[in-house]
Amino acid sequence: MDFKKRGEMSDLIKTQAESSPLKSHGLRLYIARRLLQSLFVFFIVVTVIFVISRMAADPVATLLPPGATPIDRENLRQSLGLDKSLIDQYVIYLNNLIHGDFGISTLYNVPVLPLVLNRCVPTFALALFAILWASVLAIFLGVLASLRPGSIFDRILGGIVSIAQGTASFWLAVVLLYIFSVKFRIFPVTGNSEGLKSFVLPGISLGLAPFVAILRLTRSSMIETLKTGYIRNANSRGLKTTRVVINHAMRNIAEPILSYAGILFGGLASGAVITETIFAWPGIGQLSMQGISLGDYALVQAVTMLASLTVILLNLIVDLINLKLNPVAREKVKQYGKL
Amino acid sequence: MENFNSAMTEANISIKRRTRRRIISLWIGLSILFLFIVASILTFFLHKGAYEGNLMKTFLPPQWQSGGSNGHFLGTDELGRDLLSRIFYGIRESLLIGPISVILASILGLTFGLLSGYRGGWLDSLLMRITDGILSIPILLLAISVIGVIGASTLTLIVVLAISQWMSFVRLIRAEVIQLRQKQFILASRAIGANDWRIMFKHLLPHLIPSALVLATLSLPNVILLAAGLDFLGIGSTPPKPTLGGMISGGLKYLVNAPWMAIAPGLALMFLVVGINMVAESVREKLEQSA
């Protein structure tokens, strides 16, 4: 098979796509299907949270002071709607959620939703900082290591990675605090009031796990890519190694790395509980810890729900970006309406 | 031809070298693990220092620092309890809770993965969507929600850790079952009239054990780190019990004057996890090479 001019292969795929009955509807069909799927997954999340919240033996007991009479107990049960059947409770719960009513925080005595949404911004900023340094550094080092697998540099990096894998991020945070805030007083101990300076320590400890994960993925997929025929072809044409790696090989591994980084970012933006607790970072992770230690269950529920929604949405976005980046997947979707 | 031969010998050398490296890292990992197991067995003989403090001897630094006392190698904490023996207790706790939750997760994962992969159809779709749902709840927040409702205890901790890991087992097992169920030996056993349960647990299960074992060893370090994180937040095992995560969070309060209190248990945790990782990775590589 020889193709006379460039782009003939993609023309071939295009004509196939146009001849299929779906034509350009495939893309729309795929997006609709993914949206529906995400919605269903969120429904499962909401249901799981409902089931968890009814696992308590007697939810009223924890809310009342020790001297409460049985009548108080019954009144509270009725005002919380706990006297109804479980199915009725579930329907009421879903109905409230659809109307944006996530309950009222017993701790702050305000509706939960705006409270949580306000606290999302610092969490989001911290997660963004962490994923940015982690992926930039990890991709750079991973590509360097993949050029000569088994070299001294590769092995030293491998050693560092396996130690980093065993390091708990909260312990790293404690050590960093000791070195940079207690001994040398370079960075602030807590809070986010000192601009970029206050991002450094929590950002480093939060980014450790994604750094290791992206580094490993970059190294292994780059090693695989460098073995393929089109890279050998580019090398034999006499192109410089830097150009082959950056212009040719990076294109191939960009897609898996980007989707992985997106999913890791979802995890960071929603699960920075420990880091936020250590550094007193005013985000949703700290809010949920406050909620649990002071018995504000509506708060914990809302944080959990919104965090899961973030993860689901990021998965969706990553899939759509992949469609943009990967022409093979795009043509397949256009043709069949699914991957 | 000559070129081909030299390429072959080069490949042989690199395989040999890799094998040697793998065996070395396996032995290092195993010896670290052995030391930690010995340490956790030792806890049965040194009950006193870990729980009963001596208020005359609070905040003693490690032995090699000035002011360190001879009896306390790593120093003491705010109640004068010996840090080294508390670390031994913490290691015992990690080595008990980690494997138990991984075993629970793999039992759950094997059962649901088998059902999902073998039966297929609506049951499969439903189970897969449920795992998707649970996977998208950040694990720490899931743990916090569960613990907030039913209260912190060792049993809750084990269940939460198992829940956090079982989905990856379900997915792996399901994918393998879907490949296996079209093989001839399954068709043959169905032809002689074996029912679904017999096929699933008598014929399919033995083929799934190796990959489940590999996944179990790979998820053990994750579980131990996650448990330490929950202990650190104070929602893991119940407080008077010494845990590595709990000790780090306790030491955080005295970071200025007694940094060893937070740093020493973290180092122990790191060695433990790195040791397990070394064993797990070399076992996985061995299986990949022989496959």
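The values are calculated or read from the model by the stated rules, or taken from the named source; none is laboratory data. Just so it is clear, the structure is predicted and the values come from calculations on it, not from any experiment. All Cβ positions, even for glycine, are placed from backbone atoms using ideal geometry, and neighbour counts span all protein chains on display.
Of all residues in the range B:253-291, how many are of a type in the set (Phe, Trp, Tyr) and either part of a helix (DSSP H, G or I) or on the phi > 0 side of the Ramachandran plot (or both)? So that I can check it myself, show each step before the final result.
Within the range B:253-291, the first condition is being of a type in the set (Phe, Trp, Tyr), and the residues that meet it are B:254, B:260, B:271.
Checking the rest, the ones that are also either part of a helix (DSSP H, G or I) or on the phi > 0 side of the Ramachandran plot (or both) come to B:260, B:271.
Residues meeting the conditions: 2.
So that you can scan it fast, the table gives a plain yes or no per residue for (1) within 13 Å of chain A (Cβ to nearest Cβ); (2) closer than 25 Å to B:Ala162 by Cβ:
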site	(1), (2)
B:Arg181	no, no
B:Leu187	no, no
B:Arg190	no, no
B:Leu213	no, yes
B:Pro221	yes, yes
B:Leu225	yes, yes
B:Phe232	yes, yes
B:Ile248	yes, yes
B:Leu267	yes, no
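Residue-by-condition table, conditions (1) of a type in the set (A, V, I, L, M); (2) under 30 Å from B:Lys202 (Cα atoms); (3) more than 10 Å from every other protein chain (Cβ to nearest Cβ); (4) in contact with a Phe, Trp or Tyr (Cβ under 7 Å, 6 or more places away or on another chain):
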| position | (1), (2), (3), (4) |
| --- | --- |
| B:Leu110 | yes, yes, yes, yes |
| B:Tyr118 | no, yes, yes, no |
| B:Asp124 | no, yes, yes, no |
| B:Asp132 | no, yes, no, no |
| B:Ile139 | yes, no, no, no |
| B:Leu142 | yes, no, no, no |
| B:Leu172 | yes, yes, yes, no |
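Can you tell me which residue within the range B:269-291, out of those that are free of Cβ contacts under 8 Å to residues at least 60 places away in the same chain and more than 8 Å from every other protein chain (Cβ to nearest Cβ), is surrounded by the most Cβ atoms within 10 Å (Cβ to Cβ)?
Filtering the range B:269-291 down to residues free of Cβ contacts under 8 Å to residues at least 60 places away in the same chain leaves B:270, B:273, B:288, B:290-291.
Those left that are additionally more than 8 Å from every other protein chain (Cβ to nearest Cβ): B:288, B:290-291.
Details: B:Glu288: 9, B:Ser290: 6, B:Ala291: 6.
Step by step, filter the range B:269-291, then rank; the result is B:Glu288.
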**OP:** Provide a single number: the residues in the range B:166-210 that are among the charged types (D, E, K, R) and either surrounded by 15 or more Cβ atoms within 10 Å (Cβ to Cβ) or in contact with a Gly (Cβ under 8 Å, 6 or more places away or on another chain) (or both).
**Re:** 5
Original post:
Taking the range B:19-44 as the region of interest, how many residues are under 24 Å from B:Trp260 (Cβ atoms) and not in a helix (DSSP H, G or I)?
Top reply: 1
Subject >> Among (1) at pLDDT below 90; (2) away from chain A (no Cβ under 14 Å), the one test that B:Ile158 misses >> reply: (1)
**OP:** Tell me the helices (runs of 4 or more DSSP H) entirely within the range A:229-305 that contain at least 3 residues that are touching a residue at least 40 places away in the same chain (Cβ under 8 Å) and more than 14 Å from chain B (Cβ to nearest Cβ).
**Re:** A:250-271
**OP:** Report the residue count in the range A:186-212 for those that are within 11 Å of chain B (Cβ to nearest Cβ) and modelled with pLDDT under 90.
**Re:** 1
**OP:** Starting from the range B:189-203, keep only residues that are among the acidic types (Asp, Glu), then list their pairs with residues that are surrounded by 13 or more Cβ atoms within 10 Å (Cβ to Cβ) whose Cβ atoms are within a distance under 9 Å, requiring at least 6 positions of separation or different chains.
**Re:** B:Asp196/B:Tyr118; B:Asp196/B:Arg119; B:Asp196/B:Arg190
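If you check A:Leu94 against the conditions, is it surrounded by fewer than 21 Cβ atoms within 10 Å (Cβ to Cβ), assigned to a helix (DSSP H, G or I) and more than 14 Å from chain B (Cβ to nearest Cβ)? Give the derivation first.
Details: surrounded by fewer than 21 Cβ atoms within 10 Å (Cβ to Cβ): yes; assigned to a helix (DSSP H, G or I): yes; more than 14 Å from chain B (Cβ to nearest Cβ): yes.
Yes; evaluated as a whole, the condition is true for this residue.
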**OP:** Within the range A:162-171, track down each residue that is more than 7 Å from chain B (Cβ to nearest Cβ) and either under 15 Å from B:Val223 (Cα atoms) or over 21 Å from the mean Cα position of the chain (by Cα) (or both).
**Re:** A:Ser169
**OP:** Being within 10 Å of chain A (Cβ to nearest Cβ) and either modelled with pLDDT of 90 or more or assigned to a helix (DSSP H, G or I) (or both) is the filter here, so list the residues in the range B:234-246 that pass it.
**Re:** B:Leu244, B:Gly245
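Condition first: crowded, with 16+ Cβ neighbours inside 10 Å and either modelled with pLDDT of 70 or more or not in a loop (DSSP other than H, G, I, E, B) (or both). Now tell me which residues in the range B:59-72 satisfy that. Break it down stepwise before answering.
Taking the range B:59-72 as the starting set, the residues that turn out to be crowded, with 16+ Cβ neighbours inside 10 Å are B:59-62, B:68, B:72.
Of everything in the range B:59-72, those that are crowded, with 16+ Cβ neighbours inside 10 Å and either modelled with pLDDT of 70 or more or not in a loop (DSSP other than H, G, I, E, B) (or both) turn out to be B:Phe59, B:Leu60, B:Pro61, B:Pro62, B:His72.
Based on this model, can you work out whether B:Ala258 counts as at the interface with chain A (Cβ under 8 Å from one of its Cβ atoms) and among the small types (Gly, Ala, Ser)?
no
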**OP:** Sort through B:Ala264, B:Ala216 and tell me the only one that's of a type outside the set (Phe, Trp, Tyr), over 29 Å from B:Leu287 (Cβ atoms) and in contact (Cβ under 8 Å) with a residue 40 or more places away in the chain.
**Re:** B:Ala264
**OP:** Go through A:Ala261, A:Ala269, A:Ala298 for me and flag whichever is farther than 19 Å from A:Ile104 by Cβ and at pLDDT below 90.
**Re:** A:Ala269
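Pick from the range A:245-265 the residues that are β-branched (Val, Ile, Thr) and more than 12 Å from the chain's Cα centre (by Cα): which of them is nearest to A:Leu313 (Cα to Cα)? Before you say what the answer is, go through the steps one by one.
If we filter the range A:245-265 for residues that are β-branched (Val, Ile, Thr), which is where we start, we get A:245-246, A:253, A:257, A:263.
Right, trim to more than 12 Å from the chain's Cα centre (by Cα) and you get A:245-246, A:253, A:257.
Details: A:Val245: 32, A:Ile246: 30, A:Ile253: 23, A:Ile257: 18 Å.
Checked the range A:245-265; the qualifying residue nearest to A:Leu313 (Cα to Cα) is A:Ile257.
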